[in-house]
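Following: one structure in structure tokens, then a few remarks.
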Amino acid sequence: MKWFKFGLVTKYTLAVAAVLILITLTQSLFLYQLDKIRAELSLKEHAVTIAKNLAYSCEYGILTKNTAVLKRLAESVAQDKEITYLQILDHKGNVLVQIAKALESRIPVFNVEYPVKTLKPERSPEEVSLLPLTPVEKVAKEEIIGNIKLGMSHAEVMKGTQRVLAAAAILTLALLAAGFLGIYMSSKYILVVPLKQFALGAERVARGDLDYKIEIKSEDEVGELAASFNAMTAELKKSREEIEQYTKNLEQQVKERTKKLEETIEKLKQTTQELELAKTGLEAEVAKRTAELEKERASLAQRVAEKTAELQEKLEELQIFHDAAVGRELKMMEMEKEIETLKGQLKGGA
């Protein structure tokens with residue numbers, strides 16, 4: 001957006017100018033409305049005063065139906081350029097005199113109607129002379145005998161309010177121009193100069209110059225920001241020194257650890273060589289013992305085979321002996337059965 005391409009001073013000036021425009025326009029409209037109301041009230045008061053004076057002057061002409069007198073009165077009053085029309089009516093609403101002026105239709109008109117009154121006696125002259133009046137009694141009472149109608153043009157009011165509006169507009173433009181210039185200059189001093197110092201400080205710090213300080217002594221937000229910036233650079237310098245010291249210590253520790261690792265690796269190499277020699281000796285010993293064990297296994301296998309053959313022969317002999325013993329036992333059992341049989345027979349013969 002184009003708004004973001006403007007400088008900070010321009011943005012700030014335009015924003016404040018917009019606020020000033022809004023305030024001055026509001027104030028101008030308020031003054032315009034106030035002057036318009038005042039002018040309208042003044043016009044109404046003037047119209048009522050004219051109608052009231054004319055009603056008082058027309059009393060005789062209406063009572064006598066003297067239109068010539070009424071016309072002269074109306075013409076004298078109608079010379080007022082604010083009056084657009086004028087009517088004098090009797091109590092029945094009949095127009096006795098009428099004067100109308102040409103007027104633009106777009107100009108508003110304020111209408112006034114005022115009654116024409118006269119005093120009418122409540123008693124005859126003889127009764128008034130013969131009977132005394134009480135404190136609350138009146139000799140005569142008011143009676144409406146006609147009406148005055150007139151219209152007052154707002155043209156002069158509009159001209160006056162337009163002059164006020166023009167003056168307010170000129171004053172507004174003058175104030176805006178002065179305010180715009182003042183805001184631009186003040187913002188350039190208040191914002192741009194400190195911001196340039198901050199930009200320079202940030203550039204110096206980015207290049208590694210942590211000793212740079214922003215010299216702003218004001219006790220406002222900009223001064224607080226400068227103090228915070230200086231405190232930040234001091235903390236960064238302290239942190240960098242701590243990191244450098246830590247790096248040196250770390251390098252020293254790395255060197256020591258590297259030396260210890262090299263020594264350990266050398267010892268491991270020696271141990272590996274010793275293990276290799278031991279491995280070679282163990283392999284030879286294992287091969288020798290394996291050969292001896294193979295010989296012993298072959299000898300044991302031969303002896304086991306011989307023993308197995310002997311046992312087989314003995315088993316065969318035992319089987320033969322067992323078979324013979326079993327056969328003899330069977331024969332003995334048969335002989336015992338025969339003996340028993342014979343014993344039974346002998347007993348039976350006896």
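Observations on the model:
- Residue in segment 53-64 that is surrounded by fewer than 21 Cβ atoms within 10 Å (Cβ to Cβ) and either of a type in the set (Lys, Arg) or more than 21 Å from LEU119 (Cα to Cα) (or both) present: no
- Boolean, ILE88 is at pLDDT 85 or above and surrounded by 13 or more Cβ atoms within 10 Å (Cβ to Cβ): yes
- When the residues of segment 40-86 are filtered to those that are of a type in the set (D, E, K, R) and assigned to a helix (DSSP H, G or I), the one that is nearest to the chain's Cα centre (by Cα) is GLU40.
- Tally, over segment 65-85, of residues that are closer than 15 Å to THR118 by Cβ and surrounded by 17 or more Cβ atoms within 10 Å (Cβ to Cβ): 1
The values are calculated or read from the model by the stated rules, or taken from the named source; none is laboratory data. As the structure is a prediction and not an experimental result, all values here were calculated from the model. Using ideal geometry, Cβ is built from the backbone for each residue, glycine included, and neighbour counts are taken over all protein chains shown.
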